[in-house]
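Bear in mind these aren't lab numbers, they're just calculated from the coordinates by the rules spelled out. Predicted model only: the values in this text are computed from it and were never measured. Every residue, glycine among them, receives a Cβ derived from its backbone with ideal geometry; neighbour counts consider all protein chains shown.
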């Protein structure tokens with residue numbers, strides 16, 4: 001049974017929140033137009049959660065297996081400082097990020113939903129996935145959100161980090 005309890009997780013140690021894009025920040029759907037351009041649907045609810053974390057000093061990163069101009073545009077809107085696209089080896093992307101930031105794995109949350117995310121989910125201090133994730137991701141995640149990808153799942157994680165951050169400051 002997927003772990004939907006946060007009781008045993010140390011959200012207060014988190015300094016960086018890294019995540020996949022398709023299936024996490026979106027529902028995994030890509031709209032392809034006849035002219036070859038594409039569009040994705042991102043949640044404003046997730047966006048506000050990310051903005052709150054950014055403003056509170058949490059470092060944000062998106063690590064996507066494919067390049068998408070829609071992702072680039074949304075990352076710029078949200079001022080995501082670390083955007084890596086076309087990176088199928090997600091754990092190397094996460095390790096490189098942590099090295100650059102001089103942080104340890106226990107200070108990171110990684111959120112992904114597919115087989116290419118599994119090693120990054122396992123490497124992070126808190127590995128997160130969504131309920132509709134691939135079986136392999138569900139099997140290794142420390143926490144499974146109650147909300148689905150593109151529909152508030154990222155905000156749910158943001159809220160856990162934000163609450164722990166505020167509690168630590170009191």
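So here's what we get for this one:
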| item | result |
| --- | --- |
| The chain, helix-only ellipticity at 222 nm - DSSP H runs n ≥ 4, -39,500 (n - 2.57), divided by all residues, nearest 500 | -11000 deg cm²/dmol |
| Residue order, fewest to most surrounding Cβ atoms within 10 angstrom, among 69, 135 | 135, 69 |
| Sorted by Cβ density within 10 Å, fewest first, the residues 42, 17 | 42, 17 |
| Potential extension, residue 92-residue 41 segment - 0.36 nm per residue separation minus Cα distance | 15.6 nm |
| Relative exposure of 50, 97, judged by other C-beta atoms within 10 Å (fewest first) | 97, 50 |
| Acute angle (nearest 10 degrees) that the helix 44-55 long axis makes with the longest principal axis of the chain, alpha-carbon atoms | 50 degrees |
| Computed Kirkwood radius, in angstrom, where 1/r is averaged over Cα pairs of the chain | 15.7 Å |
